[in-house]
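Please read the structure below before turning to the comments.
The values are calculated or read from the model by the stated rules, or taken from the named source; none is laboratory data. Every value quoted in this text rests on a predicted model; they were computed, and no experiment measured them. Please note: Cβ atoms are built from the backbone with ideal geometry, for glycine as well, and neighbour counts cover all protein chains shown. Areas reflect the complete protein model, heavy atoms only, side chains present, ligands, DNA and RNA absent. Shrake-Rupley method; radii C 1.70, N 1.55, O 1.52, S 1.80 Å.
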Amino acid sequence: SPDEILERSLHRSDGSSTCEDFVSLVQSWLSKIQWAKALGNTVGETNQSELAAFTSYALAFPNNFLALVDTYDVMRSGVPNFCAVALALNDLGYKSVGIRLDSGDLAYLSGEARKIFQIIEKEFGLPGFGKTSITASNDLNEETLDALNKQGHEVDCYGIGTYLVTCYAQAALGCVFKLVEINNQPRIKLSEDVSKVGERILCRHPFNESKRAYVVPQRVEELLKCYWPGKSGKSSEYIPS
């Protein structure tokens, strides 16, 4: 959490003075964003571990703050946390680089993030904040870029690596490293909340990928079935012969 950050001071970009508690400055801006009427109910409680990571990154590299905002929830946590840190840096004369999206619907998320940047620019009188850079990555190729252009998006920059160094005949193996322990203490990543039955959620339109549709789930079905319970005591499915 932000309370665990030990080194909290940051010099102004021109070296004229020092902010002794940059963490508190970030938290102050987050509170202002959460209470901003122009944002309505868009911003609620954000992930504090993510905020601590962004703040520590900004303290170490104030001139190169580019935040990966899809670790937990892009719109409800990642973007608001980025904005809080970016605005705190702005108070000290620094300009943030922007955000990076590495999963999800890149066209939709980039558009929604741009709306928040523009609202914050207008709400707090920050010229240029609405044009904050949005970078997209995640196994991008020419087909993905063409689809994004057809849908319409707000991406300014693309991070393309896998398809530049490999070819279709020699496909790359996608790997993800998961942190499971810190100082002998188990850790697990909890991503976006699973929507409840009966709660309206926004999904891709089933027939038009450029549109979105609200749906209300009537039931939840498990996609994985247990055929070998081991010592777990779970009931198992019959294995068809």
The size of the Cβ-based charge dipole (Lys, Arg +1; Asp, Glu -1) of the chain about the Cα centre, to the nearest 20 debye, is 500 debye
For the range 110-149: accessible area per residue (Å², 1.4 Å): 50 Å²
What full-extension length gain, to one decimal in nm, is calculated for Lys131 and Gln218 as 0.36 nm per residue of separation minus the Cα-Cα distance? 27.3 nm
Please report the accessible area of Thr42 (heavy atoms, 1.4 Å probe, ligands and nucleic acids excluded) in Å², nearest 10. 60 Å²
Determine the share of the chain's accessible area contributed by carbon and sulfur atoms, expressed in whole percent, with a 1.4 angstrom probe. 53 percent
Which trypsin sites (Lys or Arg not before Pro) in the range 86-181 pass both tests, a DSSP loop state and at most 12 other beta-carbon atoms within 10 Å? Lys178
Positive end of the charge dipole of the chain (Lys, Arg +1 and Asp, Glu -1 on Cβ, about the Cα centre): tell me which of Ser13, Gly125, Phe65 has its Cα farthest that way. Gly125
Give me the one-decimal Kirkwood hydrodynamic radius in Å for the range 91-185, with the sum taken over alpha-carbon pairs. 15.8 Å
Please go through the range 1-68 and write out the GluC sites (Glu not before Pro) that DSSP classes as loop and that have at most 12 other C-beta atoms within 10 Å. Glu7, Glu20, Glu45
Dividing the convex hull volume of the Cα atoms of the range 32-77 by its residue count, what figure in Å³ per residue is obtained? 86 Å³
Too-long pairs where the Cα-Cα distance tops 29 Å, listed order kept, from Lys32/Lys131; Lys178/Lys225; Lys95/Lys211; Lys95/Lys150: Lys95/Lys211; Lys95/Lys150
Computed, not fitted: 222 nm per-residue ellipticity of the chain from DSSP H runs ≥ 4 (each -39500 (n - 2.57)), nearest 500, equal to -9500 deg cm²/dmol
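Work the Kirkwood hydrodynamic radius out for the chain: mean of 1/r over every pair of different alpha-carbon atoms, inverted, in Å.
20.7 Å is the Kirkwood radius here.
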